[in-house]
Amino acid sequence: MSIRKLPLVLAAALLVATITVGIVRAQSGTVSDFTVQKNGGGSASLSAYNSQKAVVVIFVNPACAFTRLYQERLSALSSAYGGRGVQFMFINVPINLDASEGGGASLATYSDDAGAASAALGVTKTTEAVVLQPAGGGFAVRYRGAIDDNPQVAGGVQQPYLRQ
């Protein structure tokens, strides 16, 4: 290898290492507490659920087509696991402020107008799910990603990621 190529190789290696560390932190990091507003009034902090086995945070918005397609499945997941010590937080992100009211299946939603929850979890799109487990003084990220592999057709789901 020539000396001229050495800086390029080192730069590429550093870039790969930086990206890898970022991905590992995103998948296995701890989450600091955040507070969101209950749509019925009042507020809720993530730390209030530290006695639960897990907290599933899913970002939704009634104006989003994927949110509408997932509403019945999300309601079923919440019903199935709610009695097993799993708290679901459906956080309505302000994509379209005219559509801040729900529609379809009724999901108890929270508002994240200040962006505290999405910033703490690093979420950038609706229907992204994050599974948190109480650990130490905070919450450890156990899963971050899609709900399943088929947002359009519930009957066509091959991989129910969140259910696993």
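Would you check which residues across segment 148-158 are part of a loop (DSSP other than H, G, I, E, B) and either in contact with a helix residue (DSSP H, G or I) (Cβ under 6 Å, 6 or more places away or on another chain) or over 18 Å from Tyr81 (Cβ atoms) (or both) and list them? Of everything in segment 148-158, those that are part of a loop (DSSP other than H, G, I, E, B) and either in contact with a helix residue (DSSP H, G or I) (Cβ under 6 Å, 6 or more places away or on another chain) or over 18 Å from Tyr81 (Cβ atoms) (or both) turn out to be Asp149, Asn150, Pro151, Gln152, Val153, Gln158. Within the bounds of segment 119-130, is there any residue that is assigned to a loop (DSSP other than H, G, I, E, B), at pLDDT 85 or above, of a type outside the set (A, V, I, L, M, F, W, C) and under 17 Å from Gly40 (Cβ atoms)? No - not one qualifying residue is present in segment 119-130. Pairs meeting the criteria (first residue in segment 105-133 and farther than 12 Å from Phe59 by Cα, second residue of a type in the set (A, V, I, L, M, F, W, C) and surrounded by fewer than 16 Cβ atoms within 10 Å (Cβ to Cβ), beta carbons under 7 Å, at least 6 apart or on different chains) are Leu132/Ala140; Gln133/Ala140.
Once segment 50-70 is narrowed to residues that are crowded, with 20+ Cβ neighbours inside 10 Å and in contact with a Leu (Cβ under 9 Å, 6 or more places away or on another chain), the residue that is nearest to Phe139 (Cα to Cα) is Val55.
Out of (1) of a type in the set (A, V, I, L, M); (2) outside the structural domain of Thr127 (by TED's automatic domain parsing); (3) modelled with pLDDT of 90 or more, the odd one out for Ala80 is which? Ala80 satisfies all of (1) of a type in the set (A, V, I, L, M); (2) outside the structural domain of Thr127 (by TED's automatic domain parsing); (3) modelled with pLDDT of 90 or more except (2). Scanning segment 134-164 for residues that are free of Cβ contacts under 8 Å to residues at least 24 places away in the same chain and in contact with a Leu (Cβ under 6 Å, 6 or more places away or on another chain) yields nothing.
The values are calculated or read from the model by the stated rules, or taken from the named source; none is laboratory data. For clarity, every value in this text was computed on a predicted model and none was experimentally measured. Ideal geometry is used to build each Cβ from the backbone, glycine not excepted, and the neighbour counts take in all protein chains shown.
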